[in-house]
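First the structure, in the form of structure tokens, and then the observations on it.
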Amino acid sequence: MANGGPVQHGFPHLETVRASITALYKRLSYDTVQTFATSVLPADVAFCDTDDLYLGAQRVARELVRHYRLPDARMVVSFREMNHAASVELAAGPEYFVELNDRFRTHRRDIGAALAHEVMHVYLHRLDLSFPGTRDNEILTDTATTYLGAGWLLLDAYREDAASSQKLGYLTPEEFGYVLAKRALVFAEDPSVWFTSPQAYTAYVKGMAEARRDEQQPPLTAAGWAGRRRYARDRRHAQDQHGAGAGPRQGVPYAFTPDGREPLRVSFPCPTCQQRIRVPVRGRVRARCGLCRTVLECDT
Ligand SMILES: [Zn+2]
Ligand SMILES: [Zn+2]
């Protein structure tokens, strides 16, 4: 887990974040994702300065192991001086050695956030789910942590004041907010009540706006006027060309079947899981995503 440096903002990793959500549904299935309807609660991972450092860290780690339902996994937490915020040794188990940066000795309230990420590494390791390359794999880990109910801790560890800033994880605060919002929309949850950091709340609001935009893209009926108009023009073009050359374009999430077969079809990403859905172009269509089971009202 990375540590320090200037805090990056916005949505530079959004493509990989979305691919992570799709990968999670594919590997876990809808039913397993549904078992994560309840988030880790603040009381579960609370850590006060009077708690014993090692016993407290072990207790929080156990709570996360329980949350992710990792049978017989045991985390052995230690502290040492290091450049990174934290790391975990991915061995065969059932014991896993987690190292936390020495600074957590005096920043105990963020130990839950660091462990949420590290224990998720173990979870994904056991699932044999990974992305190639450190960067993408860390984005997958942060996204999975957040989507499965423990990542609000990572966003809440983001704090800025006049003197200093702190952020954990690879996603930007807004991207954590985005994944948290995606989760909130699926489980009808309001994580904002758990934030202690005002900056976390702001990032969540921005992430929620981005998540809502996913639900307002044509051919979904919730699309706005401008998007619908552009869609109608692209559809006319695709019909004229019998679909030829009407593949995905930059910044446009939908694509018409480009092989000229009749009838014309349109594909677009599911707003919940980002898996591509394909429906016939014939006006009002109700589709159901085969991966996350979201019912999608479309006007094609
Ligand atoms: Zn990591
Ligand atoms: Zn879906």
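None of the figures in this text is laboratory data; all of them are computed from the coordinates on show. Fair warning: this is a prediction, and the values are worked out from it, not measured in the lab. Cβ: placed from backbone, ideal geometry, glycine included. Neighbour counts: every protein chain shown.
Each 5 Å bin, from zero up to the one with the longest distance, holds this percent of the alpha carbon pairs of region 91-162: 3, 15, 23, 22, 21, 10, 3, 1, 0.
Using the Stokes-Einstein relation with a Kirkwood hydrodynamic radius computed over Cα pairs, the translational diffusion coefficient of region 200-240 at 37 °C and a viscosity of 0.692 mPa s comes to 285 µm²/s. Taken over the C-alpha atoms, region 1-58 has Rg and Dmax values of 17.2, 43 angstrom. Kindly express, to the nearest 10 degrees and within the range 0 to 90, the angle between helix 53-67's C-alpha long axis and the longest C-alpha principal axis of the chain. Value to nearest ten degrees: 30. Local charge for ILE139 was computed over the other residues whose Cβ lies under 11 Å away, with Lys and Arg +1 and Asp and Glu -1, and equals -3. Summing +1 for each Lys or Arg and -1 for each Asp or Glu among the other residues whose beta-carbon sits under 15 angstrom from that of THR202 gives -3.
Straight-line cross-link reach from LYS206 at under 18 Å between alpha-carbon atoms covers these lysines, not counting any fewer than eight positions away in the same chain: LYS167, LYS182. Mean-square fluctuations from a GNM of the chain, with a 10 angstrom spring cutoff on Cα atoms, peak among ALA163, ALA238, ALA57 at ALA163. Each listed q (0.18 Å⁻¹) maps to a log10 I(q)/I(0) for region 2-214 from the Debye sum over equal C-alpha point scatterers, namely -1.39. Listed peptides 195-205, 70-80 appear in the order 195-205, 70-80 once ranked by packing, highest mean of other Cβ atoms within 10 Å at the front. Quick one: Debye curve from the alpha-carbon atoms of region 168-242 only, equal weights, vacuum; give me log10 I(q)/I(0) at q = 0.12, 0.13, 0.21, 0.24 Å⁻¹ to two decimals. At q = 0.12, 0.13, 0.21, 0.24 Å⁻¹ the computed log10 ratios are -0.47, -0.52, -0.87, -1.01.
Stretching ARG278 away from GLN241 to a fully extended chain increases their span by 11.4 nm, per 0.36 nm per residue minus the current alpha-carbon distance. Principal axis extents of the Cα atoms in region 117-261, from largest to smallest and rounded to whole angstrom, are 58, 36, 31.
Principal-axis analysis of the Cα atoms of the chain puts helix 173-187 at an angle of about 70° to the longest axis.
Against the chain, whose longest principal axis is taken from its Cα atoms, helix 111-127 shows a tilt of about 60°.
Of all aspartates and glutamates in the structure, the ones whose alpha carbon falls short of 13 Å from that of LYS26, not counting any fewer than 8 places away in one chain, are ASP128.
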